[in-house]
Amino acid sequence: MTTDRTAWFTHDRFGMYIHWGLYALGARHEWMRSREFLSNEQYNKYFKRFDPDLYDPELWAQLADEAGMKYMVVTAKHHEGFSLWDTQLSDYKVTNTPAGRDLLRPMLDAFRARDIKAGLYYSLLDWHHPHYTVDVKHPQRYDAAFVEQSKQRDWQQYIDYMFGQTEELLSKYGKIDVLFLDFSIPPEQGFPGKGKEEWQSEKFVELVRRLQPQIMINDRLQVPGDITTPEQYQPREWIKVNGEKVIWEACHTFSGSWGYYRDEESWKSVDMLIKMLVDTVGKGGNLLLNVGPTGRGEIDERAVDRLKGMGQWMRRHNRSIYGCTAAPEPFRCPDDCRFTYNPETNRLYLHIFSWPFKHLHLSGFSGQVEYAQLLNDASEIRMIEGAQEMTMEAGAFNEGRSADTLTLELPIKPPNVAVPVIELFLKS
């Protein structure tokens, strides 16, 4: 399943997603144009005022680096159709806003300078382009006159534009490690869908592979890709396609929006985010965690708080994440815990979501573990193994222990970390 092209991805496990565009000024969700049925003319007020004067890509890269993120994916163009780079194929681009400069190149440079791999998101949808036809997601889908006019549009002109912009991005911005394409649309409400035939997906993938042979592509073109991308939910187990385990990546927001949303309050805690990362890696996947910078070019302070909190945990616990995957199937994880496993070092990492009193019993582990320690400070966790009969002596009850059980003796007080981790050195 893992190839030379994908090996870095399944090792690094943790990335930063960046949704940034004109919708940051509206500050009420990146889909606001579709949700509010806004025309090009109504939405244009954001184009005329996009001026991120506090934009500091080096700071963004620093925050990602200190959080333990190893790759990034940024929205070069989202569904609104606005380009963050100086595209030669459209006037609807950042260099024609008050920003007056390409914002994509310095961002990629800043992340690469910290050895963070560069990825691009490119929307297949485009609500601004004059030849993009109406579908169930289009902002003006219920405008009868607009829908009628849309029938006169030349779809091939949009496809040529999509191919041309992709060629710009993959030929002028250095090595791109990941291309996140978004997304195919099923037919709904009487509107036709858009899928592999409409996108000319096979031809499109050929173009991408010719320009960047080592790039990884997601699976939203309705043709096979390198990465399966569940969004805003946690799978129950390692994702399978046609019965086979695949490379997968869960993409999540800190809150309920991808773009900057000033008034959105359903922000996940640091503890929850760390548990999501652990749960994902423990099922063989990656976590791509999103930030939505403001219209002035700063990462939301609520996101900064969570990035720093995750970074504090990752500094001491990243070896339970990098290079790790699901535990070998014979190992059964205790309740309220998650395993990750590093096959290179043969170490198993037990993440304790709910700290138990005094003992943690690992069924089937007797004779399997050479040594155990808390990962945060490398302090030994003593182990008891082997059979013990149930007894009642001098009024004290001994519940006994089966021969295959390994018991970890825990301190009463858990370590002062968001999610404690016990590193188990397995016997060869």
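The values are calculated or read from the model by the stated rules, or taken from the named source; none is laboratory data. Please read these numbers as outputs of a predicted model, since none were measured by experiment. Every residue, glycine as well, gets a Cβ built from its backbone with ideal geometry; the counts of neighbours run over all protein chains shown. Please note that ligands, DNA and RNA were not included when accessible areas were found on the heavy atoms of the full protein model with its side chains. Shrake-Rupley method; radii C 1.70, N 1.55, O 1.52, S 1.80 Å.
Overview of results
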item	result
DSSP-defined antiparallel bridges as percent of all bridges, the chain, nearest 5	55 percent
Column: log10 I(q)/I(0), Debye, Cα scatterers of region 201-356, q = 0.17, 0.20 Å⁻¹	-1.13, -1.29
Heavy-atom accessible area ranking, 1.4 Å probe, most first, across SER171, SER363, SER201	SER171, SER363, SER201
Accessible surface of LEU25 - all protein chains present, 1.4 Å probe, nearest 10 Å²	60 Å²
Accessible surface of ASP263 - all protein chains present, 1.4 Å probe, nearest 10 Å²	90 Å²
Local electrostatic count at VAL73 - Lys and Arg +1, Asp and Glu -1, tallied over other residues with Cβ under 11 Å	-2
Gain upon complete extension [GLN149, SER363; 0.36 nm per residue less C-alpha separation]	70.3 nm
Acute angle (nearest 10 degrees) that the helix 201-211 long axis makes with the longest principal axis of the chain, alpha-carbon atoms	80 degrees
Hull-based mean projected area of region 230-293, where the convex hull spans the alpha carbons, in square nanometres	4.6 nm²
Per residue accessible area in Å² of the chain, where ligands, DNA and RNA are left out and the probe is 1.4 Å	44 Å²
Cut-off 12 Å between beta-carbons: net charge of the residues surrounding LEU170, Lys and Arg +1, Asp and Glu -1	+1
Where TYR341, TYR43 fall by accessible area, highest first, once all protein chains stay in place (1.4 Å)	TYR341, TYR43
Carbon plus sulfur fraction of accessible area for region 268-393, probe 1.4 Å, in percent	44 percent
Rule-of-thumb Rg ratio for the chain [Cα; 2.2 N^0.38 Å; N residues]	1.13
HN-Hα J in Hz across region 402-418 - Karplus 6.51, -1.76, 1.60, θ = phi - 60°, x for Gly and Pro	6, 5, 8, 9, 10, 10, 8, 8, 9, x, 5, 8, x, x, 7, 9, 4
Directionally averaged shadow of region 288-357, computed from the convex hull of its alpha-carbon atoms, nm²	6.7 nm²
Carbon and sulfur %, accessible surface of region 1-152 computed with the full protein complex present, 1.4 Å	46 percent
Residue-wise HN-Hα coupling along region 41-47, computed from phi with Karplus coefficients 6.51, -1.76, 1.60 (Hz; x: Gly, Pro)	5, 5, 7, 5, 4, 6, 4
Region 1-112 - Rg over Rh from alpha carbon coordinates, Kirkwood radius	1.03
Cα-based Rg of region 277-428 normalised by 2.2 N^0.38 Å, two decimals	1.25
Cα-based Rg of region 62-101 normalised by 2.2 N^0.38 Å, two decimals	1.51
